[in-house]
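To start, the structure itself, in structure tokens.
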Amino acid sequence: MKRLTPALLIAAAALLAACGDKPQEGSTAPKKADAKAWDGGATAAYTSPGWKPGDRASWEQQLKARNQQQNEYTRSR
Amino acid sequence: MARMKFICDAERCIECNGCVTACKAEHEVPWGVNRRRVVTLADGVPGERSISVACMHCSDAPCMAVCPVDCFYRTDEGVVLHDKDICIGCGYCSYACPFGAPQFPTNGSFGLRGKMDKCTFCAGGPEANGSEAEFHKYGSNRLAEGKLPACAEMCSTKALLGGDGDVVADIFRTRVLQRGKGSEVWGWGTAYGKPGAQPAKPEVTKS
């Protein structure tokens, strides 16, 4: 029995060795969450006046107003 | 707000490449990468037309579907963006895109291909808005500054329209109605035939 004990311990250690392995599944880097455009955060010096960063409604209004600058009929008619 | 979209009016584009220059200057795009290009059809012959092309921020983007590392994402405004920290530069998106939008910088030896670069609708990337890291990787974030894409805002003839899809479509519709032509150059009728027209019959050769 005394002879068998070390042999059993070695066998148990060998059998359980795999239990400590780290998972090896492939994984991609997690996607970063993008900040909302209407949150602003850009350099204040370059931020267009006429809207309040963080206020979605004012940002949308600002873009709509700016969009109309591409419509020359607002000037010619 | 609807999705952000570009429309290029082929009746107005004069192939000045102002949009290309504006994009390059705004984002400090490296040599060899063209986020926007002007394509000319029937060059030098009557009926010549030019159109400014970049990423069209597709509602059902094929690049997004084929990316093996899933680096693309869509913002609330419908802008298709990607994370360069995840991109492996494999080029699948380049084969999937019908507009040739994905670009790859080649700045090393032996044809080394870098991470994909494309039009961001001037919306930057996943880094903090207006940060140096965002500018370095994706260029400036004009949307977060309350502005529209530089290419569309700089267009001298207003051929290139960019912004809220509904507003842009209204501007273009008004324009076409005012001048009484233009929709036939690019559009549904050209792609799928005019309503009431006889479908083209395939020629059958007798052997």
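The values are calculated or read from the model by the stated rules, or taken from the named source; none is laboratory data. Computed from a predicted model, the values in this text were never measured in an experiment. Neighbour counts run over all protein chains shown; Cβ positions are idealised from the backbone, glycine included.
Tabulated data
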{"item": "Qualifying positions in region B:104-137 - of a type in the set (Ser, Thr, Tyr), modelled with pLDDT of 90 or more and farther than 17 Å from B:Ala25 by Cβ", "result": "B:Ser131"}
{"item": "First in region A:30-45 and within 7 Å of chain B (Cβ to nearest Cβ), second anywhere and outside any helix (DSSP H, G or I) and modelled with pLDDT under 85, Cβ under 9 Å, 6 or more apart", "result": "A:Ala35/A:Gly41"}
{"item": "Residue check, B:Tyr92 away from every other protein chain (no Cβ under 14 Å) and either surrounded by fewer than 20 Cβ atoms within 10 Å (Cβ to Cβ) or over 23 Å from A:Lys36 (Cα atoms) (or both)", "result": "yes"}
{"item": "Residue within region B:102-123 that is under 20 Å from B:Ala150 (Cα atoms) and surrounded by fewer than 17 Cβ atoms within 10 Å (Cβ to Cβ) present", "result": "no"}
{"item": "Subset of region B:95-123 (residues that are within 13 Å of the chain's Cα centre (by Cα) and either free of Cβ contacts under 8 Å to residues at least 60 places away in the same chain or part of a loop (DSSP other than H, G, I, E, B) (or both))", "result": "B:Cys97, B:Pro98, B:Phe99, B:Gly100, B:Ala101, B:Pro102, B:Lys118, B:Cys119, B:Thr120, B:Phe121, B:Cys122"}
{"item": "Single condition B:Cys155 does not satisfy, out of (1) buried (at least 24 other Cβ atoms within 10 Å of the Cβ); (2) in contact with a Phe, Trp or Tyr (Cβ under 6 Å, 6 or more places away or on another chain)", "result": "(2)"}
{"item": "Residue in region B:76-84 that is away from every other protein chain (no Cβ under 14 Å), at pLDDT below 95, surrounded by fewer than 22 Cβ atoms within 10 Å (Cβ to Cβ) and in a loop (DSSP other than H, G, I, E, B) present", "result": "no"}
{"item": "Candidates B:Ser140, B:Ser183, filtered to the one that is of a type in the set (S, T, N, Q), surrounded by 14 or more Cβ atoms within 10 Å (Cβ to Cβ) and at pLDDT below 90", "result": "B:Ser183"}
